[in-house]
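J.: Encoded as structure tokens, here's the structure I'll be asking about.
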Amino acid sequence: MDSDMDIGKKIREFRDAKSLNIKQLAELVECTPSLISQLERGKADPSISMLKRIAEALNVNIVDFFMKRANDDDVVTRKDSRIVIQLNRWDARIQSLVRNTADKKMQPFYTVIKPGGGSHGMYSHDGEEFGYVVQGEMDLMLDNKLHKIHKDESFYFSSKVPHDWGNSGKEDVIVIWVITPPTF
């Protein structure tokens, strides 16, 4: 899935499965019902922090908005079969390096962050994160402290710490990123 409209359809499917109306979901997420309606109709792009709050309210992971339920036990994930997690607002292309996160303890990603791109908002969740910058210089904000991570450097932090990431440089940033447990 690669369009914002598909994400809106998935939000609605998960909301319907939980027997929640738009107002009830908006209350859980702490936003307006009109924003939920706009997201479901593909009329607005959510930030990662908003999508995370929606996922938590619906008891799913962000990646579930992009993946089809897979039952494959493939050991190898080929480049052309990666699940792409992308919204226009992020200016980042996040590819899941596994096809299915069920029964897995880690969630690895290949992430390309365009200049000016990023999560555009602080968010937090259970778990830990590790990343390795393959190209460029990534900005990582942890609890209001900015960390610049350069090519061939890595980072590791508790996901419970409010965090935001982005690219303030002029070239794409490429990061191999691992989250445990799978909560993204």
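The values are calculated or read from the model by the stated rules, or taken from the named source; none is laboratory data. The structure displayed is predicted, hence computed values, not measured ones. Reconstructed Cβ throughout: ideal geometry from the backbone, glycine too, with neighbour counts over all protein chains shown. Heavy atoms of the whole protein, side chains included, go into the accessibility calculation; ligands, DNA and RNA do not. Shrake-Rupley method; radii C 1.70, N 1.55, O 1.52, S 1.80 Å.
J.: For segment 118-137, check the following and say yes or no: at least one residue is of a type in the set (A, V, I, L, M) and within 24 Å of V76 (Cα to Cα).
T.: Step one: list which residues in segment 118-137 are of a type in the set (A, V, I, L, M), which gives 122, 133-134.
Still in the list and also within 24 Å of V76 (Cα to Cα): 133-134.
Yes, segment 118-137 contains a residue that is of a type in the set (A, V, I, L, M) and within 24 Å of V76 (Cα to Cα).
J.: I need the full set of residues from segment 76-112 which are β-branched (V, I, T), over 12 Å from the mean Cα position of the chain (by Cα) and surrounded by fewer than 17 Cβ atoms within 10 Å (Cβ to Cβ), in order please.
T.: The one that is β-branched (V, I, T), over 12 Å from the mean Cα position of the chain (by Cα) and surrounded by fewer than 17 Cβ atoms within 10 Å (Cβ to Cβ): V76.
J.: Looking at the structure I just gave you, is L140 of a type in the set (A, V, I, L, M, F, W, C) and surrounded by 15 or more Cβ atoms within 10 Å (Cβ to Cβ)? Walk me through how you get there before you give the answer.
T.: Numbers: of a type in the set (A, V, I, L, M, F, W, C): yes; surrounded by 15 or more Cβ atoms within 10 Å (Cβ to Cβ): yes.
Yes, satisfied.
J.: Mind listing just one residue for me: the one in segment 25-36 that is of a type outside the set (A, V, I, L, M) and open to solvent by 80 Å² or more (accessible area, probe 1.4 Å) and, of those, nearest to the chain's Cα centre (by Cα)? So that I can check it myself, show each step before the final result.
T.: First, pick out the residues of segment 25-36 that are of a type outside the set (A, V, I, L, M): 27, 30-34.
When the remaining residues are screened for being open to solvent by 80 Å² or more (accessible area, probe 1.4 Å), the result is 27, 30.
Working: E27: 22, E30: 19 Å.
Checked segment 25-36; the qualifying residue nearest to the chain's Cα centre (by Cα) is E30.
J.: Criterion first (of a type in the set (V, I, T), open to solvent by less than 80 Å² (accessible area, probe 1.4 Å) and under 15 Å from the mean Cα position of the chain (by Cα)) does I11 satisfy it?
T.: yes
J.: Next up: Residue by residue through segment 107-129, note down the ones that are at negative phi, in a strand (DSSP E or B) and of a type outside the set (D, E, K, R).
T.: Result: Q107, P108, F109, Y110, T111, V112, I113, Y123.
J.: Would you check if S49 is open to solvent by less than 20 Å² (accessible area, probe 1.4 Å), touching a residue at least 12 places away in the same chain (Cβ under 8 Å) and either farther than 19 Å from Y123 by Cα or in contact with a strand residue (DSSP E or B) (Cβ under 9 Å, 6 or more places away or on another chain) (or both)?
T.: Criteria met by S49.
J.: Taking the condition open to solvent by 10 Å² or more (accessible area, probe 1.4 Å), touching a strand residue (DSSP E or B) at 6+ places or on another chain (Cβ under 7 Å) and modelled with pLDDT under 95, does G127 pass?
T.: Numbers: open to solvent by 10 Å² or more (accessible area, probe 1.4 Å): yes; touching a strand residue (DSSP E or B) at 6+ places or on another chain (Cβ under 7 Å): yes; modelled with pLDDT under 95: yes.
It is true that G127 is open to solvent by 10 Å² or more (accessible area, probe 1.4 Å), touching a strand residue (DSSP E or B) at 6+ places or on another chain (Cβ under 7 Å) and modelled with pLDDT under 95.
J.: While we're here: Scan (1) free of Cβ contacts under 8 Å to residues at least 60 places away in the same chain; (2) closer than 20 Å to A55 by Cβ; (3) part of a loop (DSSP other than H, G, I, E, B) for the single condition R93 breaks and write down its number.
T.: So R93 meets the others, but not (3).
Yes/no per residue for (1) touching an Asp or Glu at 6+ places or on another chain (Cβ under 6 Å); (2) without any contact (Cβ under 8 Å) to a residue 40 or more places away in the chain; (3) not in a strand (DSSP E or B):
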residue: G131; (1), (2), (3): no, no, no
residue: I149; (1), (2), (3): no, yes, no
residue: F155; (1), (2), (3): no, yes, no
residue: K160; (1), (2), (3): no, yes, yes
residue: W165; (1), (2), (3): no, no, no
residue: K170; (1), (2), (3): no, no, yes
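J.: Being farther than 13 Å from F184 by Cβ and in contact with a Phe, Trp or Tyr (Cβ under 6 Å, 6 or more places away or on another chain) narrows it down to one residue among L58, L35, L20, L28; which is it?
T.: L58 is the lone residue from the list that is farther than 13 Å from F184 by Cβ and in contact with a Phe, Trp or Tyr (Cβ under 6 Å, 6 or more places away or on another chain).
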